[in-house]
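Values quoted throughout were computed directly from the atomic coordinates according to the rules given, and no laboratory measurement underlies them. Bear in mind that the values here come from a model prediction, so they are computed numbers and not experimental data. Cβ placement follows ideal geometry from the backbone for every residue including glycine, while neighbour counts extend to all protein chains displayed.
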């Protein structure tokens with residue numbers, strides 16, 4: 001995430017193919033650097049985050065009194081998790097890992113509610129996707145930035161949903177770089 005002064009309710013995207021280093025980047029560059037409490041949500045056990053304590057789905061009501069720390073939730077019932085996030089979370093950084101699995105053409109109602117209320121509730125959010133193709137247009141419209149890793153796709157076919165003039169130069173630099181782990185930030189506004 002870009003450093004410096006920024007608005008409350010920051011929404012960011014992290015986009016890259018499998019094995020390009022998205023989770024490692026989050027673990028090494030973002031987690032622990034935020035002054036906010038941090039919660040990672042995923043449907044699978046990602047070993048990059050094995051050092052972070054788990055909150056089990058039956059314990060999500062504890063989020064109502066959550067004051068600090070870094071935790072992760074692993075569960076496939078994403079609708080229930082997002083209901084609890086909407087009910088209990090504020091003043092936090094939420095990392096939504098592998099969002100491709102549960103966000104399709106349009107952001108679901110509970111996800112949209114969380115994103116649209118993020119400014120008032122001081123929630124910063126990062127969503128990871130495997131490709132630009134899998135990001136819903138409405139989520140692109142809400143996002144402040146995108147961290148671009150290699151995706152193996154042509155960005156021009158998505159000019160209807162992303163600000164191509166802002167993203168394309170960075171996308172091209174990333175794809176021209178020799179390292180498969182190379183990534184750069186581009187603004188979405």
- So how do 48, 146, 167 line up by other beta-carbon neighbours within 10 Å, fewest first? 48, 167, 146
- For 57, 14, 70, what's the fewest-to-most ordering of other Cβ within 10 Å of each Cβ? 57, 70, 14
- Query: In the calculated pair distance distribution of segment 26-180, what percentage of Cα-Cα distances lie above 19 Å?
  - Reply: 56 percent
- Query: Under the definition of Cα pairs under 8 Å and six or more residues apart, what whole-number percent is the relative contact order of the chain?
  - Reply: 30 percent
- Item | Gain upon complete extension [residue 157, residue 189; 0.36 nm per residue less C-alpha separation] | 9.6 nm
- Message: For the chain, take the longest principal axis of its alpha carbons; what is the angle in degrees between that and the long axis of helix 78-88, to the nearest 10 within 0 to 90?
- Response: 60 degrees
- Order by protection proxy (mean Cβ within 10 Å, highest first), peptides 15-21, 125-131, 172-178: 125-131, 15-21, 172-178
- Task: Kindly put 40, 11 in sequence by how many other C-beta atoms sit within 10 Å of each C-beta, fewest to most.
- Result: 11, 40
- Message: Can you compute the modelled spin-label distance between residue 100 and residue 121, with each label point 7 Å from Cα toward Cβ, in nm?
- Response: 2.7 nm
